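J.: My structure is below; once you've seen it, I'll send some questions.
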Amino acid sequence: MKKVLFIDRDGTIIIEPEDEQIDSLEKLEFYPKVISVLSKISSELDYELVMVTNQDGLGTESFPEETFLSAHNKMLTTLKNEGVEFSEIVIDKSFPEDNLLTRKPGIALLQKYIDGDYDLANSYVIGDRETDIQLAKNLGAKSILISNDSSEATITTLDWDKIFDALKKENRSAIIERKTKETEIKIELNLDGKGEHSITTGLNFFDHMLAQLAQHSLCDLDINVKGDLDVDEHHTIEDTAIALGEAFLKALGNKKQIERYGFMLPMDDVIAKVAIDFSGRSWIKWKTKFKREYVGDMPTEMFYHFFKSFSDAAKCNLYIKAKGDNEHHKIEAIFKALGRSIKQAVSKSSLNPDVPSTKGII
């Protein structure tokens with residue numbers, strides 16, 4: 001599903017003059033940092049840009065439409081030259097007293113985004129007025145208010161750099177909730193985190209391994225699992241792997257600019273190799289054997305099943321091989337190496353022009 005930034009014009013992209021009319025080119029002044037930040041959003045993040053603006057009485061004698069279009073088109077040309085293009089520009093020409101449903105915060109002109117394949121819950125309205133916050137509420141989206149005043153907006157700031165940082169963090173995050181008759185799972189994942197984690201599965205050793213994955217991938221990870229451990233460990237481990245894989249798949253989005261591939265890691269007596277490819281295809285090669293039935297409170301037969309379920313849900317290739325004498329070290333080295341592989345694979349590089357595939361999609 002596509003995410004959208006619904007962006008107001010006056011006071012957001014360009015400075016709004018005292019008379020609230022951009023009726024000459026001399027009045028056209030861009031908001032500080034907006035051009036560079038919108039350019040970074042267009043090249044690095046996975047949002048569709050839509051401009052939504054009210055323009056009172058466009059086409060009146062005192063403010064002819066040609067004057068408006070001259071400044072408006074100059075603005076669009078300047079942005080386009082920096083790689084910023086809007087998929088749609090929605091301009092409502094009514095007066096406030098007309099009280100039309102088309103006028104922001106009315107959503108009549110935005111119905112296609114409500115009816116279409118859009119992830120509005122993770123989309124944003126960016127503007128400088130309370131009507132922009134209300135528009136976001138009416139759309140079921142989040143809001144960013146360019147202001148000094150506290151408000152009900154999701155984010156309030158005067159700095160477009162802070163807007164980019166917030167969007168970047170949000171852009172590669174995912175929340176997955178999975179509920180069956182056997183397990184109830186909630187996972188929150190941020191690919192651009194610091195390795196912070198809070199993990200509760202009911203299996204202490206499993207918690208320890210998932211913490212290793214978060215720590216070494218630098219992905220922030222919250223996992224809360226309630227499973228039928230009175231039956232056995234199988235459903236808890238399998239369903240956690242599925243939900244975790246789904247979280248990575250969702251957070252990666254269109255995989256634009258990711259490195260895609262990623263590690264070899266020694267740990268005392270063990271050498272572990274974990275190679276990953278977020279290819280959009282599921283495959284696993286497992287070359288590891290365990291001599292013990294359990295490590296901690298986790299059955300060793302479930303290790304392969306965890307990684308297989310993760311690979312299926314994340315649509316990635318996994319190659320896992322470990323040799324050593326200590327079984328605890330062996331599986332811990334694998335989870336650490338997986339974390340390092342993920343860190344490398346999900347990292348983004350501006351040198352990658354688009355999706356790292358000759359197919360143009362993965």
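J.: List every residue whose amide H lies under 5 Å from the amide H of Leu158, counting only residues 5 or more places away in sequence or on a different chain, with H placed 1.01 Å from N in the peptide plane.
T.: Under 5 Å from the amide H of Leu158 lie the amide H atoms of Ser147, each far enough along the sequence or on another chain.
J.: Taking 7 Å along the Cα-to-C-beta vector as the label spot, tell me the Tyr304-Lys74 distance in nanometres, rounded to one decimal.
T.: 7.0
J.: Give, rounded to the nearest 20 debye, the magnitude of the charge dipole that region 212-339 has about its Cα centre when Lys and Arg contribute +1 at Cβ and Asp and Glu contribute -1 at Cβ.
T.: Charge dipole, region 212-339, about its Cα centre: 920 debye, nearest 20.
J.: Considering only DSSP beta bridges whose two residues both sit in the chain, what percent are antiparallel, to the nearest 5?
T.: If we restrict to bridges inside the chain, about 50 percent are antiparallel.
J.: So, R0 is 45 Å and r is the distance between the beta-carbons of Asp115 and Glu82; what FRET efficiency does that work out to, to 0.05?
T.: So the FRET efficiency works out to roughly 0.90.
J.: Name the residues whose placed amide hydrogens come within less than 5 Å of the amide hydrogen of Gly193, ignoring near sequence neighbours (fewer than 5 apart) on the same chain.
T.: Counting only residues 5 or more places away or on other chains, the set is Asp220.
J.: To continue, here is another question. Sum -39500 (n - 2.57) across every DSSP H segment of at least 4 residues in the chain, then divide by the residue count to get the 222 nm mean residue ellipticity, nearest 500.
T.: Per the formula, -10500 deg cm²/dmol.
J.: What size of dipole, in debye to the nearest 20, comes out for the chain about its Cα centre when the only charges are +1 on Lys and Arg C-beta atoms and -1 on Asp and Glu C-beta atoms?
T.: I would put it at about 2260 debye.
Since every read-out is calculated from the coordinates, none of them should be taken as a lab result. Remember, predicted model here, so these are calculated numbers, not experimental data. All Cβ positions, even for glycine, are placed from backbone atoms using ideal geometry, and neighbour counts span all protein chains on display.
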